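Read through the structure below, which is laid out as structure tokens, and then see the notes.
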Amino acid sequence: MKIFGHPWIESPALYLVNTIHDIKMTPPNAIVLLNPLSSSLELAKYCQKHQILYALKTQNIKEGLFANQLGCKFIVCSKELAVTLIPIAQNYLFDTEVLALIEEEIEIEEMAKKGVDGVLYRTNY
């Protein structure tokens, strides 16, 4: 399980971006974080074309399916959606990993028991 944003664990930073210029300004090998596809499809395609690691805020199953097809590294979503997406991701052998947004440490264990790929502390992103 991946854990992003916990003070005990060093994890890569995610950089929220809104434009191609923002992407170009991130450090090399950074993971960029995109808003949902309805407002960032062009950015997702740019990242895919240029092999830039990116995470995508996802609000429903359909966006999760598209995120995987667009070469997204991480889907970032609510705990409820993460639990729903995991069996779909496993069934279709997603390359994309599902990260649940959490607020408290106790939620790490909850998500691990449900097979979610990782967690991301909401306060950091």
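Could you identify the single residue in ILE102, ILE75 that is buried (at least 23 other Cβ atoms within 10 Å of the Cβ), closer than 18 Å to TYR54 by Cα, in contact with a helix residue (DSSP H, G or I) (Cβ under 9 Å, 6 or more places away or on another chain) and among the β-branched types (Val, Ile, Thr)?
Within the list ILE102, ILE75, the selection yields ILE75.
State the number of residues belonging to region 41-64 that are among the small types (Gly, Ala, Ser) and outside any helix (DSSP H, G or I). Spell out how you get there, then give the answer.
Here is the first cut: in region 41-64, the residues among the small types (Gly, Ala, Ser) are 44, 55, 64.
After this cut, where a residue has to be outside any helix (DSSP H, G or I) as well, the list is 55.
Number of matching residues: 1.
Close contacts from region 53-78, counting a first residue that is under 21 Å from GLU107 (Cα atoms) and a second that is among the hydroxyl-bearing types (Ser, Thr, Tyr), with Cβ to Cβ under 6 Å and a gap of 6+ residues or different chains, come to ILE75/THR58; ILE75/THR96; CYS77/THR58.
Taking the listed residues TYR46, TYR92, the one that is surrounded by 14 or more Cβ atoms within 10 Å (Cβ to Cβ), out of contact with any Leu (no Cβ under 7 Å at 6 or more places or on another chain) and either over 25 Å from PRO7 (Cβ atoms) or in contact (Cβ under 8 Å) with a residue 60 or more places away in the chain (or both) is TYR46, with no other qualifying. The set of residues in region 13-40 that are touching a residue at least 12 places away in the same chain (Cβ under 8 Å), surrounded by 12 or more Cβ atoms within 10 Å (Cβ to Cβ) and not in a strand (DSSP E or B) comprises ALA13, VAL17, ASN18, THR19, ILE20, ILE23, ALA30, ASN35, PRO36, LEU37, SER40.
Determine, yes or no, whether THR84 is over 18 Å from MET1 (Cα atoms), at pLDDT 95 or above and among the hydroxyl-bearing types (Ser, Thr, Tyr). Lay out the reasoning, then the answer.
Details: over 18 Å from MET1 (Cα atoms): no; at pLDDT 95 or above: yes; among the hydroxyl-bearing types (Ser, Thr, Tyr): yes.
For THR84, the condition - over 18 Å from MET1 (Cα atoms), at pLDDT 95 or above and among the hydroxyl-bearing types (Ser, Thr, Tyr) - is not met.
As a summary of the residue check, GLU80 satisfies the conditions (1) surrounded by fewer than 17 Cβ atoms within 10 Å (Cβ to Cβ); (2) in a loop (DSSP other than H, G, I, E, B); (3) of a type outside the set (S, T, N, Q) except for the one numbered (2). The combined condition, being assigned to a loop (DSSP other than H, G, I, E, B) and farther than 18 Å from VAL119 by Cβ, is not fulfilled by ASN68.
Restricted to region 1-19, and to residues there that are farther than 13 Å from ARG122 by Cα and among the β-branched types (Val, Ile, Thr), the residue that is modelled with the lowest pLDDT is ILE9.
Quickly run through region 44-67 and pick out the residues that are over 14 Å from the mean Cα position of the chain (by Cα) and either within 23 Å of LEU81 (Cα to Cα) or of a type in the set (Gly, Ala, Ser) (or both).
Kept after step one, since they are over 14 Å from the mean Cα position of the chain (by Cα), are these residues of region 44-67: 45-46, 48-51, 62.
Of everything in region 44-67, just one residue is over 14 Å from the mean Cα position of the chain (by Cα) and either within 23 Å of LEU81 (Cα to Cα) or of a type in the set (Gly, Ala, Ser) (or both), namely LYS62.
Regarding region 91-110, can at least one residue be identified that is part of a strand (DSSP E or B) and in contact with a Pro (Cβ under 8 Å, 6 or more places away or on another chain)?
Step one: filter region 91-110 for residues part of a strand (DSSP E or B), giving 97-102.
Checking which are in contact with a Pro (Cβ under 8 Å, 6 or more places away or on another chain) leaves us with none.
Checked against the condition, which is being part of a strand (DSSP E or B) and in contact with a Pro (Cβ under 8 Å, 6 or more places away or on another chain), region 91-110 yields no hits at all.
The values are calculated or read from the model by the stated rules, or taken from the named source; none is laboratory data. Remember, it's a predicted structure, so these values are computed and weren't measured experimentally. Please note: Cβ atoms are built from the backbone with ideal geometry, for glycine as well, and neighbour counts cover all protein chains shown.
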